[in-house]
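Report on one structure; see the data block that follows.
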Amino acid sequence: MKIVIAPDSFKGSLPAKGVAAAIEKGIKKAFPQAETLCLPIADGGEGTMDTLVAATGGKKKEVRVTGPLGDPIDAAYGILGDRKTCVIEMAAASGIDLVPKEKLNPMTATTYGTGELIKQALDDGLRSFILALGGSATNDGGAGMLQALGVRLKNEAGDEVAVGGEALAHVRNVDVDGFDSRIKDSDFLIASDVQSPLIGPYGASCVFGPQKGATPAQVAILDKSLENWADQVEHVTGIHLHDFPGAGAAGGIGGAFAAFFAAEMKRGIDVVIEKTELEKALLEADLLITGEGQADAQTAAGKTPMGAAQAALKQGVPSIIIAGSVGAGIEELYQFGVVSVHSIIQRPMTLEKAMQETEALLALTSEQVVRSYFHLSFNK
């Protein structure tokens, strides 16, 4: 019996590695001789760097950078086991979780720190990059990142504009003379599931701005600012970002990568599956167990369990999802080879209590799941 365990984190309670270990504990209680392979994964959002570093035997380097509101913070980037590939989570330097809710301000928040992480990695000799987009506090179209890498943004008077999304309305000249020349000799793989354009009703400001603290009036200002930014970028690069699919990712930084970098954009979970060699691990497996904090219709839209189940299906391996809670729309998952979806909540309890007991609940649930699943096989 071979069972591959490839969950995402249960956000706020257990990292993916801890989730996998708890599931393995439950399996071993039911079947001590079972062959288990723990391969924690992520979907390109929070935890992607740690997942890839752990899976490849890599390491992390801490860097002092500029936070989303301009304050100095400590962030880290990962170096994969090949010692050539750098993994950067945008959220590590420019993330929404770095800002107290009451201080969120996409009008002034900047991606400058993300640019500083890239610059440090370039200084350290790295030329191959994986950028995990998601969880940003910003709406600056990636302008701050570009400024950290030597691009100068000037207003009509020839003065440099401030950082932040609102300031993009004043950009009249994008001076790329100082843009770090090492960028052109590097390759960038962008892990992002967002296909939103840069501007308009489905763009970065309108869709994601309110989550970052923007009022309706500020959303309108930010969208107009990004429109001017897109106009100025087109003057310099010839690339029309306005309705470019994926340009609206992470407050518009997806557009900056499309216009100024030799970048390829892939679904986040696909990047992680490729780098962790999940499909290879699934060879000759009897079952995949995956999971996340909440399983529902959004899971079937491309989150970690769906991607893992798709990888298993290619190998003819069935999969089971274990989640903190189960919502509407899980039937959409069955088409991807998912046999069943299970919640770890087995008695009335508060969310706080469930989060405190996640490890034990995961172990108990996984034990019962595999006992049921393999019952007929062991009793024929």
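Looking at the stretch 66-170, which GluC sites (Glu not before Pro) are in a loop (DSSP not H, G, I, E or B) and have at most 14 other Cβ atoms within 10 Å? Don't skip to the answer; put the middle values down first.
Values: sites: GLU89, GLU102, GLU116, GLU156, GLU160, GLU166; in loops: GLU156.
The qualifying sites are GLU156.
Anything in the chain that counts as a DSSP H helix reaching 15 Å or more along its axis (C-alpha) with Kyte-Doolittle mean of at least 0.5? List them, would you?
249-260
At 222 nm, what value in deg cm²/dmol follows for the chain if DSSP H runs of at least 4 each add -39500 (n - 2.57) and the sum is divided by all its residues, to the nearest 500?
-10000 deg cm²/dmol
Would you list the P(r) distribution for the stretch 48-268, with all Cα-Cα distances sorted into 5 Å bins from 0 and each bin expressed as a whole %?
Reading upward from the zero bin: 1, 8, 17, 21, 22, 17, 9, 4, 1, 0, 0.
Where does the stretch 139-218 land on Rg/Rh, using Cα atoms and the Kirkwood Rh?
Radius of gyration relative to Kirkwood radius: 1.01.
Fewest first, what order do LYS184, LYS224 take by the number of other Cβ atoms within 10 Å?
By the 10 Å Cβ count, ascending, the order reads LYS184, LYS224.
Quick one: Debye curve from the alpha-carbon atoms of the chain only, equal weights, vacuum; give me log10 I(q)/I(0) at q = 0.10 Å⁻¹ to two decimals.
Taking Cα atoms of the chain as identical point scatterers yields -0.65.
Among LEU149, LEU364, ILE118, whose Cα lies farthest out toward the positive end of the dipole of the chain, if unit charges sit on the beta carbon of Lys, Arg (+1) and Asp, Glu (-1)?
Among LEU149, LEU364, ILE118, the one farthest towards the positive end of the dipole of the chain is LEU364.
Suppose every Lys and Arg Cβ carries +1 and every Asp and Glu Cβ carries -1, with no other charges. What dipole size does the chain come out with about its Cα centre, to the nearest 20 debye?
1080
Can you give the convex hull volume of the alpha carbon atoms of the stretch 163-277 per residue, in Å³?
Once divided by residue count, the hull of the stretch 163-277 is 110 Å³.
A short reminder: the numbers here are calculations on the coordinates, not readings from a lab. No experiment lies behind these values; they were computed from the predicted model shown. Note that each Cβ is placed from the backbone with ideal geometry, even for glycine, and that neighbours are counted across all protein chains shown.
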